[in-house]
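Notes follow the structure.
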Amino acid sequence: MNLTTILFYVMAFITLGSALFVAYSGSLVRSVFMFFITLFGLAGLYVFALADFVAITQIVIYVGGILVLILFAFMLSNKETLSTLKRESSIFIGFKNWPSLILSMLFFVVIVSVILKAMPDKLIWISQAVKAGDTFKPTDTTANNLGINLMTRYLLPFEAISILLLMVLVGAAHLSRKEGGQ
Amino acid sequence: MISLTHFLIISAALFCIGLYMVITKSNAIQVLIGIELILNAAILNLVAFGRYDKLNNNGQTFAIFAIVLAAATTAVALAIILNVYRKYKTIEPDKIDQLKD
C-alpha cells in the first residue's frame, strides 16, 4: 500500500461519492455543482492512468465548456423549473424509484462479474504489450507522441470531427434562435 | 501501478449511477447529466486501456475524440431543451407528449 494507491483510492472515492450525490440530490443547482467535483475527480483518475494530456483536455472542455453551458441553460429557463424540482425532492428515493434502483444495481453486479471473469490484467495483447515495453511509464511525456499521431495516423477521424463540430455550431445556433424574429 | 480492474470497476459504478439518473430524473437537464456520466465512464475505460498502447496512442486519441463529441452533443441537446421549454413551458420529459403543433 504505497502513496500512489492511497491517492488513487481517495480520488476514486471523491469521484464516486460526488456522482452518488449528483444522483441523490433533488436540487438541480446542487447536482450541477457536484458534477464539477465528479469531473475533477475523473481528471485525477486519468492522471493515474498516465494520460495527463487527456486529463487537461477533460478539465478544459468539460469544466470550462459543458458545465458553463448547463449553467447558462438553467439560468435562461424560468425559476418555475427549479421550484417544481424542489417540491418533488422531499422523498428522495420514493416508492416509484425502487425498480430503477434495483435495475441499476443488478446491472452493476453483472458488469463487475463480467470484469472479474474476463481478468483484464491477463489479456493476451496486454501481456504482449508489457513484454514489448509498449506501456507508458510514469516519467514519460505523452503529449509529443499524441500530437504526432493525431496529425498522421488519426488524421481522418480528426477531420471528420472538425466537420462535425462545424455542423454542431451551425445547428445549435439555428436551434436556439428566436422564432419569427428573423 | 494501479491494475486495470480497479479502473474498470470504477467505470462500471459510474455507468450504473448514470443509468439510474437517466431512468429516474424528471428534469431534462438532469437526464443530460446522467448521459454525461455514462459517457465519462466510457472515456475512463478508453484511457485505462490506452496505457498499454504507447506507440499508437489508440486509447488516448479516441478518448479526446469522445470528449469533443460529448461537448458537441451537450450543445445541441441544450439548444433543443431551450426550444422545448419555450414551446411547452416545462422541461419534464414525461409531460412533453404532443407530436403535432
How large is ³J(HN,Hα) for each residue in the range A:51-68, as worked out from phi by the Karplus curve 6.51 cos²θ - 1.76 cosθ + 1.60 (θ = phi - 60°), to whole Hz, x for Gly and Pro? 10, 5, 5, 5, 5, 5, 4, 4, 5, 5, 7, 5, 5, x, x, 5, 5, 4
Compare A:Leu20, A:Leu150, A:Leu39 in a GNM of chain A, Cα atoms joined below 10 Å, and give the one with the largest fluctuation. A:Leu150
Rg (one decimal) and Dmax (whole number) from the Cα set of chain B, in Å, equal 17.1, 58
From the cross-link list A:Lys122/B:Lys54; A:Lys178/B:Lys87; B:Lys25/B:Lys100; B:Lys25/B:Lys87, the entries with a Cα-Cα span beyond 23 Å are B:Lys25/B:Lys100
For chain A, calculated [θ]222 nm from helices alone, where every DSSP H run of n ≥ 4 adds -39500 (n - 2.57): -23000 deg cm²/dmol
Charge dipole of the protein assembly as shown built from unit charges on the beta carbon (Lys, Arg +1; Asp, Glu -1), centred at mean Cα; most positive-end Cα among B:Ser11, A:Ala12, A:Leu101 is A:Leu101
Let a ≥ b ≥ c be the square roots of the eigenvalues of the Cα gyration tensor of the protein assembly as shown; is it rounded (a/c under 1.5), or, if not, prolate (a/b larger than b/c) or oblate? oblate
A chain fully extended from A:Met105 to A:His174 at 0.36 nm per residue, minus the present Cα-Cα distance, gains in nm 20.8 nm
Taking only the Cα atoms of the range A:102-149, how large is their convex hull per residue, in Å³? 137
Taking a crude spin-label model, label points 7 Å out from Cα along the C-beta direction, the A:Val114 to A:Ser162 distance in nm is 3.6
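Read-outs throughout are calculated quantities, based only on the coordinates presented, and are distinct from any laboratory measurement. Everything numeric in this text was worked out from a predicted model, so none of it was measured. Glycine gets a Cβ as well: all are built from the backbone with ideal geometry, and neighbour counts include every protein chain shown.
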